[in-house]
Amino acid sequence: MLARYGDRSPEQVDEQLGSLELTWLIAETEQAYGIQLDLDDHHLDAIRTVDDAVAALGAQLDARTAVAP
């Protein structure tokens, strides 16, 4: 998904995320899944890499789609 930002190939995506890339990635995720993510400053500050973003955004998506017992 991040490769679409700047029209790059996946190989050109750096592991480190800039603030604009993170903002774009969050917006794309919200649009793709039709949800609004709830990331506070603490969570946003912890996202520095693609792996961090996958973990944080994945956790948000999992929390949104979890079915109550």
Flag for Val50 being of a type in the set (Val, Ile, Thr), touching a residue at least 40 places away in the same chain (Cβ under 8 Å) and within 19 Å of Ala3 (Cβ to Cβ): yes
Any hit, the range 1-11, residues being surrounded by 12 or more Cβ atoms within 10 Å (Cβ to Cβ) and closer than 16 Å to Arg64 by Cα: no
Unmet criterion (only one of (1) in contact with a Lys or Arg (Cβ under 9 Å, 6 or more places away or on another chain); (2) at pLDDT below 90) for Gln16: (2)
Among residues of the range 14-34, those that are part of a loop (DSSP other than H, G, I, E, B) and loosely packed, with under 15 Cβ neighbours inside 10 Å, counted: 4
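Suppose the filter is under 15 Å from Ala3 (Cα atoms), in contact (Cβ under 8 Å) with a residue 24 or more places away in the chain and of a type in the set (Gly, Ala, Ser); does Ala27 pass it?
Against the criterion (under 15 Å from Ala3 (Cα atoms), in contact (Cβ under 8 Å) with a residue 24 or more places away in the chain and of a type in the set (Gly, Ala, Ser)), Ala27 does not qualify.
The values are calculated or read from the model by the stated rules, or taken from the named source; none is laboratory data. Computed from a prediction, not measured in an experiment: that's the story for all the values here. With ideal geometry, Cβ positions are generated from the backbone for all residues, glycine too; neighbour counts draw on all protein chains shown.
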